[in-house]
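Here is the structure we will look at, set down as structure tokens.
Only the coordinates and a few stated rules stand behind these numbers; no lab work does. Small disclaimer: the values here were computed from a predicted structure and weren't measured. Virtual Cβ from ideal backbone geometry, glycine too; neighbours counted across all protein chains shown.
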Ligand SMILES: Nc1ncnc2c1ncn2[C@@H]1O[C@H](COP(=O)(O)OP(=O)(O)OP(=O)(O)O)[C@@H](O)[C@H]1O
Ligand SMILES: [Mg+2]
């Protein structure tokens with residue numbers, strides 16, 4: 001295949017696309033574009049959901065590394081010493097304890113069971129962005145007692161009737177209101193200091209109070225925790241910190257966020273992977289079939305012309321590449337269209353994410369995702385186009401011309 | 001320059017055997033304007049296809065300029081057509097998506113011995129010769145049948161082939177257009193000493209031919225110059 005042959009093949013391909021059926025060209029490009037979008041949309045969305053869930057879990061549940069009680073024990077004990085030890089290790093930004101107690105909350109005529117989570121507000125700021133999520137009032141001060149911050153879904157909305165609520169609430173608590181918490185016998189009055197909304201369901205249905213307040217509830221200094229979350233410094237890996245903690249005498253159960261995610265979401269991640277594979281497969285098959293049909297029809301309609309071209313001395317390679325190049329041009333345009341569509345869609349979704357109580361998701365696509373999908377679709381297109389192109393180019397002149 | 005020896009072409013369809021060519025032997029000289037005539041089904045197209053390397057005989061051989069074309073590979077045949085032959089079809093057979101100029105240049109573009117400059121000059125001069133230089137940017141569908149046939153002749157002529165074949169080039173044309181096309185062949189034949197083998201079954205075309213070969217049932221029944229029989233079969 002020399003330069004001249006390629007040039008003629010390209011001229012024939014280009015002219016056929018330019019002067020052939022405009023609508024068939026546009027439709028083909030549209031379909032390839034749609035297939036591309038379809039191929040990347042679901043996986044991108046799942047990635048986005050995954051990213052969003054992961055971030056929320058890190059922010060409100062586990063931190064980068066989570067220290068849990070030793071097996072068989074209920075609490076992480078000797079807390080202050082342990083926190084000091086962890087905080088002094090290289091790569092640790094901050095370790096902060098959590099202690100949760102079940103309570104019944106009363107407000108006017110509403111009664112609700114909730115978890116009250118004690119935190120060290122100052123340290124918590126290093127680990128969780130909770131303090132940035134206040135929708136009214138303010139975040140907890142270090143030594144506040146008798147004050148809580150509560151999630152917006154629990155505070156509720158006074159304009160919604162109880163019967164219409166899709167989630168039980170206190171029916172419209174405002175900052176400054178008094179609520180009563182009862183921890184198995186101990187009854188305490190609290191002032192609602194602030195209301196937050198994180199978008200992470202389990203954080204939004206919890207109440208937070210200070211470590212000092214919980215010590216008053218317990219009636220003693222609280223040198224134990226339910227679990228500790230650790231934020232690591234940039235440049236350190238979770239795995240490194242985990243190993244470091246274990247190596248330097250933290251005998252508690254240390255897990256990285258990824259370990260935990262793997263455990264809790266393993267099945268969900270697997271399902272995502274299957275759905276992604278299916279949508280990729282479907283996209284590739286549709287594109288292949290469509291291009292195969294388009295080019296097959298084109299070759300069948302051009303059989304006589306192919307015979308003529310051969311008769312005047314055009315080699316079969318030139319004829320094959322004529323159709324092959326048409327597919328390549330269509331595929332490039334279609335994929336470019338798909339990339340633009342997906343890109344616009346991802347911009348749109350960045351501003352209008354899919355939001356549910358559990359997560360909010362945008363399209364998450366890395367340049368690598370784009371490149372891989374482009375290549376896969378391109379290769380599929382080339383195969384789909386060259387198969388009929390090859391076949392028709394081998395046909396003998398007599399049968400082609402008689403077509 | 002063309003040596004045809006005992007050419008046979010037999011089509012078998014089930015039990016039926018059609019002898020489309022039944023022992024054709026002919027010599028065609030350089031510079032001849034040869035007409036192949038005969039009734040429908042007499043084997044004219046079949047013979048021309050054999051000569052144009054578009055089909056293979058059942059037996060017999062064809063030697064063009066010393067080359068036994070039966071021995072050529074598929075690719076060599078393609079190159080033989082590109083470098084030595086020109087072919088004009090009954091239905092013009094232009095590429096509908098290419099302009100007049102692109103159609104005419106196409107065979108030249110594939111030749112290794114032609115550069116851009118020569119392709120342009122050759123295409124332009126042949127288009128001028130057929131009188132359609134001004135229409136070079138038109139698409140075939142924008143031309144009349146006679147004009148399209150002239151373009152198809154230009155395409156066949158652009159590489160200055162040794163032999164020009166034409167299978168009923170006037171069959172789809174009115175007599176006025178037919179005359180224009182035949183005059184063009186005559187001119188090409190006289191100006192370039194171009195060998196032309198043309199199939200026709202219109203009686204009045206014979207005035208243009210130097211030599212007329214008549215076929216019947218796949219056999220040569222007469223072969224003569226200027227209407228006089230050279231030999232009778
Ligand atoms: N592909 C084929 N299969 C079977 N028979 C064929 C085939 N091509 C031609 N024939 C037969 O061979 C004979 C010669 O056909 P050919 O096309 O050469 O005739 P022709 O002289 O060109 O006729 P026309 O003037 O109608 O074009 C006919 O009987 C025809 O039916
Ligand atoms: Mg015929």
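Remarks
- The mean sequence distance of close C-alpha pairs (under 8 Å, at least 6 residues apart), as a share of the length of chain A, puts its relative contact order at 28 percent.
- Considering only the range B:117-233, percent of DSSP beta bridges that pair antiparallel, nearest 5: 65 percent
- Rounded, prolate or oblate (a/c below 1.5 giving rounded, otherwise prolate when a/b exceeds b/c) for the range B:112-168 by Cα gyration tensor: oblate
- Base-10 log of normalised Debye intensity for the protein assembly as shown (one unit scatterer per alpha-carbon) at q = 0.06, 0.09, 0.10 Å⁻¹: -0.57, -0.80, -0.92
- For the range B:29-107, convex hull of alpha carbons as volume per residue, Å³: 142 Å³
- Average partner coverage of A:313-320, which counts Cβ from other chains inside 10 Å: 5
- For the range B:83-197, dividing the convex hull volume of the Cα atoms by the residue count gives 90 Å³ per residue.
- Choice from B:56, B:187, B:134 showing the highest fluctuation, given a GNM over chain B with Cα pairs closer than 10 Å: B:134
- A:34, A:320 arranged by Cβ crowding within 10 Å, fewest neighbours leading: A:34, A:320
- Kirkwood hydrodynamic radius of the range B:2-231, from inverse mean 1/r over distinct Cα pairs, in Å: 18.1 Å
- Per-selection metrics, the range A:70-251 (Cα): Rg and Dmax in Å: 17.6, 55
- FRET efficiency for the residue A:396 to residue A:277 pair, using the beta carbon distance and R₀ = 45 Å, is estimated at 0.60.
- The Kirkwood radius of the range A:86-192, taken over pairs of alpha-carbon atoms, gives through the Stokes-Einstein law at 37 °C and 0.692 mPa s a diffusion coefficient of 215 µm² s⁻¹.
- Between 0 and 90°, nearest 10: helix A:3-19 axis offset from chain A longest Cα axis: 70 degrees
- Relative to the longest principal axis of the Cα atoms of chain B, the long axis of helix B:116-129 lies at roughly 70 degrees.
- GNM result for chain A, Cα springs below 10 Å: residue of A:219, A:283, A:48 fluctuating most strongly: A:219
- Rg(Cα) / (2.2 N^0.38 Å) computed for the range A:188-326, rounded to two decimals: 2.27
- In this label model, residue B:134 and residue A:73 are separated by 10.3 nm, measuring between points 7 Å along each Cα→Cβ vector.
- Antiparallel DSSP beta bridges within chain B, percent to nearest 5: 60 percent
- Take every Cα pair under 8 Å whose residues are at least 6 apart in sequence, average their separation, divide by the length of chain B, and the relative contact order is 29 percent.
- Span from the the range A:140-180 Cα centroid across to the the range A:274-341 one, whole angstrom: 62 Å
- Here the scattering of the range A:135-220 is modelled by Debye summation over its C-alpha atoms, one equal scatterer each and no solvent; at q = 0.11, 0.14, 0.23, 0.25 Å⁻¹ the log10 of I(q)/I(0) is -0.30, -0.49, -1.16, -1.29.
- Label-point separation in nm, residue A:177 to residue A:163, each point 7 Å along Cα→Cβ: 2.1 nm
- Highest to lowest packing among A:391-399, A:184-192, B:89-97, scored as the average C-beta count within 10 Å: B:89-97, A:391-399, A:184-192
- Using alpha-carbon coordinates, inclination of helix B:175-192 to the longest axis of chain B, degrees: 90 degrees
- Fraction of beta bridges assigned by DSSP in the range A:70-251 that are antiparallel (%, nearest 5): 75 percent
- Between the range B:170-209 and the range A:196-272, the alpha-carbon center distance in angstrom: 95 Å
- Residue B:192 paired with residue A:297, simple spin-label distance in nm, labels 7 Å along Cα-to-beta-carbon: 4.0 nm
- Paramagnetic reach from residue B:40 in the range B:171-192 [backbone N under 18 Å; point 7 Å along Cα→Cβ]: B:171-174
- For B:93-101, mean number of other protein chain Cβ atoms within 10 Å: 5
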